[in-house]
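What follows is one structure encoded as structure tokens, with my remarks underneath.
Where a number appears in this text, it was derived from the coordinates with a stated rule and is not lab data. On a predicted model such as this, the values are computed, not experimentally measured, just so you know. Using ideal geometry, Cβ is built from the backbone for each residue, glycine included, and neighbour counts are taken over all protein chains shown.
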Amino acid sequence: MTNREVWNTRYAEKGAAWGTDPNEFVADRLGGIPACRVLDLGSGQGRNARWLAAAGHHVTAVDISDVATAQAQQEAVAAGLHIEFVAADLATWEPEPAGYDLVLLSYIQMSEEPRRLIHAKADRALRPGGRVFIVAHHLDNLEHGVGGPQSPDRLYTERDLEGDFPGYVIDESGVVVRHVERDDIRGDAIDVIFSATKPVR
Ligand SMILES: C[S@@+](CC[C@H](N)C(=O)[O-])C[C@H]1O[C@@H](n2cnc3c(N)ncnc32)[C@H](O)[C@@H]1O
């Protein structure tokens with residue numbers, strides 16, 4: 001199966017795979033920021049995109065899964081929200097250069113090469129002075145946390161993320177713990193948050 005088919009199958013089987021509320025760190029760290037142009041990369045069923053659009057942001061949401069994108073579009077319309085949805089593979093999709101004030105990546109777990117490639121796209125998409133916000137499963141989650149990928153090459157450390165955005169001014173980079181009670185998963189998940197501002201060169 002291709003990557004798209006794998007994700008489509010997962011989204012076709014489950015209802016709200018990651019819940020309908022925004023990720024708690026997205027809501028906590030991005031709540032109250034001035035309205036801006038947001039690019040949500042790997043947006044899934046749109047839980048973060050919807051919350052951001054409801055807060056007044058102009059959101060573009062990109063995901064490889066056309067099934068998830070259609071579900072997200074339906075939810076947005078039902079909520080009366082306008083979001084620009086794009087069903088595309090981030091490996092080939094190109095963002096508008098310097099077209100966004102904020103780029104969000106929420107639990108996009110790639111191995112090193114595609115991770116670097118997508119983070120380079122996030123960098124190109126940001127205007128100087130714009131902000132990247134990443135929340136992901138931390139490498140420590142493998143041994144000490146619940147859920148997430150079970151292969152270490154798809155788990156991140158703060159050093160990986162800092163290395164992908166050289167010259168950025170770091171607002172936050174480190175481990176956070178998220179309590180999970182979902183399906184058969186119960187316990188603490190160990191995440192990494194990376195929030196940084198693109199230098200004005
Ligand atoms: C764990 S989900 C997270 C979804 C969403 N960001 C959230 O937090 O609810 C990972 C998402 O990445 C998407 N994805 C994986 N590889 C991708 C790629 N190459 N291009 C675009 N999206 C991709 C999947 O379809 C999936 O929706």
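About its Cα centre, the chain has a charge dipole of approximately 500 debye under the convention of +1 per Lys or Arg Cβ and -1 per Asp or Glu Cβ, with nothing else charged. Computed over the chain with a Gaussian network model linking Cα atoms closer than 10 Å, the most mobile of 12, 136, 88 is 12.
You can think of it this way: the chain between residue 73 and residue 182 has 36.8 nm of extra reach, that is 0.36 nm per residue less the Cα-Cα gap. Counting charges near residue 19 (Lys, Arg +1; Asp, Glu -1) among other residues having Cβ under 9 Å from its Cβ returns a value of +1. Considering only C-alpha atoms, what is the centroid distance from the range 156-201 to the range 1-50, in Å? After rounding, the separation between the Cα centres reads 16 Å. Comparing 127, 115, 159 in a Gaussian network model of the chain where C-alpha atoms under 10 Å apart are linked, the largest mean-square fluctuation is found at 159. Based on Cα contacts under 8 Å between residues 6+ apart, the chain shows a relative contact order of 17 percent. Can you give the local net charge around residue 191? Use residues other than it whose beta-carbon is closer than 11 angstrom to its beta-carbon, Lys and Arg +1, Asp and Glu -1. Here the charged neighbours net out to -3.
Over the chain, all Cα pairs binned in 5 Å intervals from 0 give whole-percent P(r) values of 1, 8, 16, 21, 22, 19, 10, 3, 0, 0, listed from short to long. Compute the signed sum of charges (Lys and Arg +1, Asp and Glu -1) over the other residues within less than 15 Å, Cβ to Cβ, of residue 117. Around residue 117, the surrounding residues sum to -3.
Compared with the alpha-carbon gap, the fully stretched path from residue 55 to residue 98 is longer by 13.3 nm at 0.36 nm per residue.
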